[in-house]
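**Q** Here it is, the structure in full.
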Amino acid sequence: MLTGQLALLVAAVFSGAALYINVAEQPARLGLDDRALLAEWKPAYKHGLAMQAPLAIVGFLLGLAAWWQAGHGGWILGALLMIANWPVTFFATMPTNNRLMATDPAGAGPESRAMIEQWGSLHAGRTALGFGACLAVLWASLS
């Protein structure tokens, strides 16, 4: 089923991007001084948001469509795990994001560094949701 395979593809792209942020981008930026760290995080966050937010919605819609077509519970589970990124981001991550975006890089210091470290931990939850969605839709596609 093409819809299901597209759901798997979108979940994998989302998960791969999220994992890249956690294992490559975040550790590299943490090696910068506080001002450069915040200055680098701000545009990277905007670019990540522009890519991952639509992927979560598209993955949800494709998983929902595959569930409607095939009726396998793995499709709906994957769809729900993909869309769960939105409330997790809104309620858990967004307060940190907003504080970081309001901070002037010239005034960056240990507090902004601690927030970016916290942000990385929160982002790991999004990565886990993406991989959970991948596993769910892979299970459904193999059934």
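The values are calculated or read from the model by the stated rules, or taken from the named source; none is laboratory data. The model shown is predicted, which means the values in this text are computed figures rather than measured ones. In this analysis, Cβ positions are derived from the backbone assuming ideal geometry, glycine residues included, and neighbour counts consider all displayed protein chains.
**Q** Is it true that some residue in the stretch 32-39 is within 18 Å of the chain's Cα centre (by Cα) and not aromatic (Phe, Trp, Tyr)?
**A** Checking the stretch 32-39: not a single residue is within 18 Å of the chain's Cα centre (by Cα) and not aromatic (Phe, Trp, Tyr).
**Q** Could you give every pair whose Cβ atoms fall below 7 Å, whose first residue belongs to the stretch 38-60 and is within 20 Å of Pro105 (Cα to Cα) and without any contact (Cβ under 8 Å) to a residue 12 or more places away in the chain, and whose second residue is of a type in the set (Lys, Arg) and in a helix (DSSP H, G or I), counting only separations of at least 6 or pairs across chains?
**A** Sorted first by the residue in the stretch 38-60, then by its partner, the pairs are Glu40/Arg29.
**Q** Take the residues in the stretch 93-114 that are more than 17 Å from Met51 (Cβ to Cβ) and surrounded by 15 or more Cβ atoms within 10 Å (Cβ to Cβ); name whichever of them is modelled with the lowest pLDDT.
**A** Going through the qualifying residues, I end up with Pro105.
**Q** List the pairs whose first member sits in the stretch 115-143 and is buried (at least 18 other Cβ atoms within 10 Å of the Cβ), whose second member is not in a helix (DSSP H, G or I), and whose Cβ atoms are under 6 Å apart, counting only residues at least 6 apart or on separate chains?
**A** Note: pairs meeting the criteria are Leu129/Ala84; Ala140/His72.
**Q** Name the residues in the stretch 99-118 that are of a type in the set (S, T, N, Q) and in a helix (DSSP H, G or I), would you?
**A** Initially, the stretch 99-118 is screened for residues of a type in the set (S, T, N, Q), giving 103, 112, 118.
Within the stretch 99-118, Ser112, Gln118 meet the criteria.
**Q** Taking the stretch 20-58 as the region of interest, how many residues are touching an Asp or Glu at 6+ places or on another chain (Cβ under 9 Å) and among the basic types (Lys, Arg)?
**A** Count: 1.
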